[in-house]
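In what follows, a structure is listed as structure tokens, so that the remarks can point back to it.
The values are calculated or read from the model by the stated rules, or taken from the named source; none is laboratory data. These numbers were taken from a predicted model, which means no experiment stands behind them. Because the Cβ atoms are built from the backbone with ideal geometry, glycine has one as well, and the counts that use them run over all protein chains shown. Ligands, DNA and RNA are stripped out before the accessible areas are found, and what is left, the full protein with its side chains, is counted by its heavy atoms. Shrake-Rupley method; radii C 1.70, N 1.55, O 1.52, S 1.80 Å.
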Amino acid sequence: LGVYAPRAMAIRFVEIKPAESAEALNTEWVVLENDGKAPFNTRGCGMTVGRRGSNKKSLLGVIDPGFVLAPGAKMRMCTGNPATQAHGAPPPEDDIKNYFLFLPKAYVGTPGTVLTLVLRGLQVSKAEFDPAAPGGVKAL
């Protein structure tokens, strides 16, 4: 009998940045990276938010139409709406493109916030916000 080794998670959070103010939703984002060898389609994925040590999670919404993350590629998922002036200016798209979630409020907030990317109820990637960690991401 062989030893079962779970497949390494190909999609990972590389940055979690909280909003600069409650209104400035385009200053809050997460950056996902595809570390795998195959493209990953985010269509139908959901994002949940919770607190470290709690099983209670809230679904922020489903990513639709989504985007395809090529191997080695990154995508910045901004909380706000680029057309809403009150949400602030979106970050410049230099080497990372922006995808807007059109959420009504900020969700990262405080240290200990746990974000999970899910697809059909299964965990794709999970990270905890820690402002002291590189990119604001505490390894889980």
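Being within 15 Å of ALA24 (Cβ to Cβ) and free of Cβ contacts under 8 Å to residues at least 12 places away in the same chain is a condition met by at least one residue of segment 100-115. Listed by first and then second residue, the pairs with beta-carbon distance under 8 Å, at least 6 apart or on different chains, first residue in segment 73-97 and among the aliphatic types (A, V, I, L, M), second open to solvent by 70 Å² or more (accessible area, probe 1.4 Å), are MET75/LYS97; ALA86/GLU23; ILE96/LYS74.
Among the residues making up segment 91-124, those that are within 22 Å of PHE67 (Cβ to Cβ) and open to solvent by 50 Å² or more (accessible area, probe 1.4 Å) are PRO92, GLU93, ASP94, ASP95, LYS97, PHE102, PRO104, ARG120, GLY121, LEU122, GLN123. Residues in segment 64-76 that are part of a strand (DSSP E or B) and in contact with a Ser or Thr (Cβ under 9 Å, 6 or more places away or on another chain) were compared, and the one that is surrounded by the fewest Cβ atoms within 10 Å (Cβ to Cβ) is VAL68. Inside segment 22-34, can you point out the residues that are touching a Gly at 6+ places or on another chain (Cβ under 8 Å) and either of a type in the set (Val, Ile, Thr) or open to solvent by 30 Å² or more (accessible area, probe 1.4 Å) (or both)? If the condition is that a residue be touching a Gly at 6+ places or on another chain (Cβ under 8 Å) and either of a type in the set (Val, Ile, Thr) or open to solvent by 30 Å² or more (accessible area, probe 1.4 Å) (or both), then GLU23, THR27, VAL31 are the ones that fit. Once segment 125-140 is narrowed to residues that are within 11 Å of the chain's Cα centre (by Cα) and open to solvent by less than 30 Å² (accessible area, probe 1.4 Å), the residue that is farthest from ALA89 (Cα to Cα) is SER125.
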